[in-house]
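The values are calculated or read from the model by the stated rules, or taken from the named source; none is laboratory data. Remember, predicted model here, so these are calculated numbers, not experimental data. No Cβ is skipped: glycine too gets one built from the backbone with ideal geometry, and neighbour counts run over all protein chains shown. Calculation scope for accessible area: heavy atoms of the full protein, side chains included, ligands and nucleic acids excluded. Shrake-Rupley method; radii C 1.70, N 1.55, O 1.52, S 1.80 Å.
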Amino acid sequence: GEARQVRLPQRNEFRELLLSIRGLPAALTALPLELTVLYNSLLVTVGTSDSAIKGEAEGIRQGLLRVLEACGACGQDLGTEELWKKVLQEVTVEELQAPLHRLGALQAAWWLAANQLRSVAGLFHLLSTAEDPERAYCSEGQNELLSLIKAWQVPPEGTSLPLVQSAKDLKEILWTAAAFLQGLQELESGNFPTALSLLQEAAGGFCSKKILAQIYTCLGCCTQRMGKPQTALQYLKRALQVDFQCLPALSHVAAVYHELGETDAELQALTLLYKALGKSPPAAASSSPYFLMQMELLVHTPVLTSLLHHHHPSEVKYLLAQRCLQDGRVDDAVEHYLDFLSLIQEGLQQQVPLDSSSALPRIPEVFLEAASALEQAGRHQDAITVCEEVISRTTDLIPRVVRVEQLECSLPGAELAGGVLSQKKESLCCLVWRAAGYLHQGWAWAKLGQSKEAVTQFSRCLNDLLRVQLHGSGVKWTENLQPEVEVLQKIRLLSLIGRGIQFLELGRHKEALLDFQHSLQISPGDPAAASYLVQALWKLNRKQEAAAQWQKFSQSYPGQDGQQQGQGRPLPLYLVSCLEQAMFPHSEPLARSIQDYLGAAAQDTS
């Protein structure tokens, strides 16, 4: 902050000096001083700006036109690249070469900031050719732009006016920025070995600790994508050693541990990240105050923004909850979900950017995941309460009937259908969430031993699903609605199995049998539904039918033993516990009973 306050008066002084010089006709004798003042003025302007450089390049153009004016030429109609070419090829006055080269380095900085790497290469080729027309600057296997910048001979500093930043320092910064930018380009294009090489070059360059940490973070992401997670961890840890405020590196560390299946380390990284995000960072702790032109002003591409995405604390809290639930750490999951839900109740979710880069699903899904965690922790009444919140909030958003037709996106007018499709998708999502709420309540009441209440909730779930009218039997639904339709079908299946189980508990075996038969119509061969169907027939004393169904199932789906098999796309996390509860727990006793029955029947026949 102090350095910035010192420079502010200089900025105005240089500007006033430049204006007074330009008030005079352009003269060759005064141009070295004018171009040096211009160089200093532009650097001070950039150094006192908090944002990426832009808009100041017009000053460079005016400087070049003044040079041509002094030489009796003009270039008003030329583009910037053509203007530079004309000046460097036609102006041979020895005293102008050093100030022009320094101005060229500034022009290169502007072009790097705009990601115009070809323009930068062309300019340095012109600068180097002006020095030594015969020299070759890039041998085979070397990067052309880096070779050109490296080959550029930095002009000596004149005695007329000191420079606010030496051209030598500027050259080092340009070289490092060029390596970093090209590395990011190659990383985005999927050319990982080339990206790795360029980013390693950049890491050995001239930059602040803040930028070095960012380069190491990008190296970690690159090596992770190359299938080298251990190397990625080394780079990411180096980023944190250089600058612990580089929190995106910590989130990438958690992602690598997740990929490796090292859950303890992943959760530790996420916990550290959550704590770090809760603290206010020290002001400008890792930025260098010594240079006016800094790397931060030159490298700001979308791919870098994406790689250095900062998670909101509530996103990290959700990730902790989700990972704990996925890993079966139910008590920890409950604690994290309840913390997250309290953030929502306080209205802090408005601070979370719910864009494509956010780790958060839709809020009702988080409620349902929390209910799932509470159920698994044995807190069934709390789970029922959380689900009631989802049901009450979605009730007014669901139409009486949701029609889902096969839609061909390639048909004319498909774009017009986009708004309707989006509205249908939202209605379908709300219906999915409310039905899932009833489903969870059904299983929770069942665990509490309240079979009648459980049947009521399962029935509400099934009645809800009757609102959906699927038109076009056997067709593939439009890709936009396919996931919701599949989840609805799975909820219907789990609800029928759940209600059937409770009917068995209540001794209402015929109603149970109907539910299991309906389940198999929805999902033919479903092992849990088939096993419960056999059990219902057995309890109804229809043992011959039970044995026939058991044999048929055993031959068609050997080795499944009433265990649900994952098919198609993965289920939402909030349904996994329901899937587990629907599994048939009595496979071996039932199989023995049927085998004994078949053995006895065979003896009777003989």
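A few remarks follow.
- For the range 501-511, a residue qualifies if it is within 12 Å of T456 (Cα to Cα) and in contact with a Phe, Trp or Tyr (Cβ under 6 Å, 6 or more places away or on another chain), but none of them does.
- Leading residue by the ranking (nearest to A167 (Cα to Cα)) among those in the range 60-106 that are open to solvent by less than 60 Å² (accessible area, probe 1.4 Å) and among the charged types (D, E, K, R): R102
- Residue within the range 308-326 that is open to solvent by 50 Å² or more (accessible area, probe 1.4 Å) and at pLDDT 90 or above present: yes
- Any chance E259 is over 30 Å from Q97 (Cα atoms), in contact with a Pro (Cβ under 9 Å, 6 or more places away or on another chain) and not hydroxyl-bearing (S, T, Y): yes
- When restricted to residues that are open to solvent by 10 Å² or more (accessible area, probe 1.4 Å) and closer than 11 Å to V455 by Cα, the range 478-501 contains 2.
- Hits in the range 571-597 (condition: in a helix (DSSP H, G or I), open to solvent by less than 50 Å² (accessible area, probe 1.4 Å) and closer than 29 Å to Y337 by Cβ): L573, Y574, L575, S577, C578, L579, Q581
- Qualifying position, being open to solvent by 10 Å² or more (accessible area, probe 1.4 Å), at pLDDT 95 or above and among the aliphatic types (A, V, I, L, M), among L163, L240, L236: L240
- For K168, the conditions (1) out of contact with any Phe, Trp or Tyr (no Cβ under 9 Å at 6 or more places or on another chain); (2) closer than 20 Å to H252 by Cβ all hold with the exception of (2).
- K210 vs. criteria in contact (Cβ under 8 Å) with a residue 40 or more places away in the chain, assigned to a helix (DSSP H, G or I), out of contact with any Phe, Trp or Tyr (no Cβ under 8 Å at 6 or more places or on another chain) and open to solvent by 10 Å² or more (accessible area, probe 1.4 Å): yes
- Residue match in the range 240-258 (condition: more than 30 Å from Y39 (Cα to Cα) and among the acidic types (D, E)): yes
- Scope the range 380-403; condition touching a residue at least 60 places away in the same chain (Cβ under 8 Å) and surrounded by fewer than 16 Cβ atoms within 10 Å (Cβ to Cβ); matching residues: Q381, P399, R400, V401, R403
- Contact map, the range 504-520: first residue assigned by the TED database to the domain that holds V534, second residue charged (D, E, K, R) and buried (at least 21 other Cβ atoms within 10 Å of the Cβ), Cβ cut-off under 7 Å, separation 6 or more or different chains; pairs are D515/R499; S519/D526; L520/D526.
- Among residues of the range 250-280, those that are assigned to a helix (DSSP H, G or I) and under 18 Å from Y235 (Cβ atoms), counted: 16
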